[in-house]
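Working notes for the structure below.
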Protein chains: 2
Amino acid sequence: MSAPTIRLLLADDQALVRGALAALLSLEPDLEVVAEVGSGDEVLPAVLEHRPDVALLDVEMPGMDGIAATALVRAKAPRTRVLIVTTFGRPGFLRRALQAGAYGFVVKDTPAAELADAVRKVHRGLRVVDPQLATDSLVAGESPLTPRETEVLRAARDGSTVATIAKRLFLSEGTVRNHLSAAIGKTGAATRAEAVLTAEGNGWL
Amino acid sequence: MSAPTIRLLLADDQALVRGALAALLSLEPDLEVVAEVGSGDEVLPAVLEHRPDVALLDVEMPGMDGIAATALVRAKAPRTRVLIVTTFGRPGFLRRALQAGAYGFVVKDTPAAELADAVRKVHRGLRVVDPQLATDSLVAGESPLTPRETEVLRAARDGSTVATIAKRLFLSEGTVRNHLSAAIGKTGAATRAEAVLTAEGNGWL
DNA sequence: CGCTGACCCTGACAGATGTCATCCGCGTGT
DNA sequence: ACACGCGGATGACATCTGTCAGGGTCAGCG
């Protein structure tokens with residue numbers, strides 16, 4: 001009797017990318033794609049139903065992001081190992097993904113031939129992390145922003161004025177300006193727009 | 001003698017996505033991936049060497065974006081038809097891609113099964129464009145921004161101060177403020193950060 | 001229990017932003 | 001030849017941003 005195949009679940013909101021990844025992985029005789037979902041909140045139900053050995057999750061998905069979905073899978077279906085497959089190799093994403101229980105973290109710059117190997121390693125319980133990304137993650141460190149500063153900076157992402165943010169968060173304009181100023185200082189930026197980019201780049205937002 | 005296969009070139013800076021798309025398209029007996037490149041400036045040399053019938057180009061690539069590469073292919077290798085395959089279905093991208101000579105425009109939300117059909121249609125000389133995207137493109141219209149306004153707004157993308165932008169573009173701060181103000185007005189935004197997001201969303205930047 | 005530090009909140013103020021008025025050069029139409 | 005409109009440039013000024021000083025609350029520690 002032949003060795004059993006590794007059962008896979010794919011989660012990516014881009015149908016074309018998801019279908020292409022399924023085609024790529026199905027070329028391997030020992031890998032079998034048993035489910036595909038397009039949003040984060042479909043991940044756990046599909047994992048519970050199909051019992052994949054490895055779940056390949058994108059990070060940015062509607063309904064729930066892949067990192068939150070990873071935490072759910074670890075809590076409710078610990079035999080399923082998670083491999084994050086994402087466009088943005090942000091050090092903050094890596095740290096949060098590992099903390100949430102992901103076994104591996106692959107960015108879409110990776111050669112296609114390496115994905116199957118990454119899946120097999122994760123299935124065997126090994127960690128798969130790009131060394132450069134791990135280094136960047138250690139260098140960037142945890143976010144220096146307080147929860148409120150993070151919230152105010154996130155609210156500033158879309159270019160809103162202080163008055164608009166104040167209304168949205170039920171704060172005075174002075175409070176909003178102070179939090180923004182603190183966030184600007186902590187990220188080493190000159191403006192709030194730059195602070196947003198820096199925090200996003202470091203995975204702090 | 002069997003019908004000849006459709007020769008394809010793939011261009012996407014993400015190796016994993018490119019490899020996966022190659023795997024997906026190679027499942028079709030009448031399609032053959034003859035070349036893969038990872039940057040925009042490799043597209044034309046590869047097209048001239050491999051003579052693909054259809055070139056599938058991403059938009060955002062290093063070296064040269066896929067729309068500029070499309071224009072080059074039309075000029076230098078008119079028998080190769082271009083199909084844009086991109087993450088962001090921006091109406092501005094669609095318009096510029098068609099104007100540059102692309103035969104089709106597919107976003108990565110498209111079901112994987114439709115990609116091969118899109119390739120076949122493009123090969124036959126048919127247009128492949130998402131109707132919703134075409135509508136959005138007509139609604140958004142051409143950019144109302146002057147070349148200088150576009151340049152100044154683009155320089156403001158990274159959150160730079162007016163003084164920094166003035167130095168970078170060799171203008172006075174008053175001039176920069178005036179162009180930014182005009183761009184804010186034309187995009188209907190309240191701040192420059194919002195104007196940047198609006199212009200990007202409409203494909204004007 | 002008192003002290004300390006972190007976090008959150010607020011308003012005053014100097015400096016930056018965005019609006020407005022104005023001018024110049026160039027291309028187009030009459 | 002002239003008038004007009006457009007794009008680009010500039011500075012004055014009202015408004016907004018970011019910094020700073022100050023106060024309140026709460027958890028942790030001695």
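Step by step: first the residues of the stretch A:91-110, then only those that are of a type in the set (D, E, K, R) and open to solvent by 50 Å² or more (accessible area, probe 1.4 Å), then the one that is nearest to residue A:49 (Cα to Cα). Which residue is that? Walk me through how you get there before you give the answer.
Applying the first criterion (of a type in the set (D, E, K, R)) to the stretch A:91-110 yields A:95-96, A:108-109.
Filter once more, so that each one left must be open to solvent by 50 Å² or more (accessible area, probe 1.4 Å): A:96, A:109.
Numbers: A:96: 26, A:109: 31 Å.
Top of the filtered list is A:96.
Hey, among the residues in the stretch A:129-154 that are within 14 Å of chain B (Cβ to nearest Cβ) and surrounded by fewer than 20 Cβ atoms within 10 Å (Cβ to Cβ), which one's farthest from residue A:189 (Cα to Cα)?
Step one: list which residues in the stretch A:129-154 are within 14 Å of chain B (Cβ to nearest Cβ), which gives A:130, A:153-154.
Remaining after also requiring surrounded by fewer than 20 Cβ atoms within 10 Å (Cβ to Cβ): A:130, A:154.
Working: A:130: 28, A:154: 15 Å.
In this case the residue turns out to be A:130.
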- Those residues of the stretch A:23-32 which are surrounded by 20 or more Cβ atoms within 10 Å (Cβ to Cβ) and touching a strand residue (DSSP E or B) at 6+ places or on another chain (Cβ under 8 Å), in sequence order: A:25, A:31
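Of all residues in the stretch A:1-13, which are open to solvent by 10 Å² or more (accessible area, probe 1.4 Å) and touching a residue at least 12 places away in the same chain (Cβ under 8 Å)? Step through it out loud before you land on a result.
Applying the first criterion (open to solvent by 10 Å² or more (accessible area, probe 1.4 Å)) to the stretch A:1-13 yields A:1-7, A:13.
Hits for the stretch A:1-13 are A:3, A:5, A:6, A:7, A:13.
Return the residues of the stretch A:147-194 that are hydroxyl-bearing (Ser, Thr, Tyr) and more than 21 Å from the chain's Cα centre (by Cα); say none if nothing qualifies.
Looking only at the stretch A:147-194, we keep the residues that are hydroxyl-bearing (Ser, Thr, Tyr), and these are A:150, A:160-161, A:164, A:172, A:175, A:181, A:187, A:191.
Those that are hydroxyl-bearing (Ser, Thr, Tyr) and more than 21 Å from the chain's Cα centre (by Cα): A:160, A:161, A:164, A:172, A:175, A:181, A:187, A:191.
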- Query: If you go through the stretch B:50-90 one residue at a time, how many are in a helix (DSSP H, G or I) and either among the β-branched types (Val, Ile, Thr) or over 10 Å from the mean Cα position of the chain (by Cα) (or both)?
  - Reply: 9
- Message: I want to confirm something. Restricting to the stretch B:189-205 and keeping residues that are open to solvent by 40 Å² or more (accessible area, probe 1.4 Å) and near DNA strand C (Cβ under 10 Å from one of its atoms), which single residue is farthest from residue B:86 (Cα to Cα)?
- Response: B:190
- Task: Could you grab me the full set of residues in the stretch A:155-188 that are away from DNA strand C (no atom under 12 Å from the Cβ) and open to solvent by less than 30 Å² (accessible area, probe 1.4 Å)?
- Result: A:156, A:187
- Within the stretch A:181-200, track down each residue that is part of a helix (DSSP H, G or I) and either among the hydroxyl-bearing types (Ser, Thr, Tyr) or more than 12 Å from chain B (Cβ to nearest Cβ) (or both). A:181, A:182, A:183, A:185, A:186, A:187, A:198
- Note on the structure: Counting only residues in the stretch B:38-56 that are under 26 Å from residue A:18 (Cβ atoms) and either open to solvent by less than 10 Å² (accessible area, probe 1.4 Å) or free of Cβ contacts under 8 Å to residues at least 12 places away in the same chain (or both), the one nearest to the other protein chains (Cβ to nearest Cβ) is identified as B:56
- Pairs returned, first residue in the stretch B:146-171 that is among the hydroxyl-bearing types (Ser, Thr, Tyr), second residue that is more than 11 Å from DNA strand C (Cβ to nearest atom), beta-carbon separation under 8 angstrom, 6 or more apart or interchain, are B:150/B:143; B:150/B:199; B:150/B:204; B:150/B:205; B:160/B:168
- Item | Within the stretch B:111-122, considering residues that are open to solvent by less than 80 Å² (accessible area, probe 1.4 Å) and touching a residue at least 12 places away in the same chain (Cβ under 8 Å), the one nearest to DNA strand C (Cβ to nearest atom) | B:122
- Task: Scan A:104, A:125 and give me the residue that is away from chain B (no Cβ under 14 Å) and without any contact (Cβ under 8 Å) to a residue 60 or more places away in the chain.
- Result: A:125
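The values are calculated or read from the model by the stated rules, or taken from the named source; none is laboratory data. It should be emphasised that the depicted structure is a prediction, and the values quoted were computed from it without experimental measurement. Counting neighbours? That spans all protein chains shown, and the Cβs are built from the backbone with ideal geometry, glycine included. Areas reflect the complete protein model, heavy atoms only, side chains present, ligands, DNA and RNA absent. Shrake-Rupley method; radii C 1.70, N 1.55, O 1.52, S 1.80 Å.
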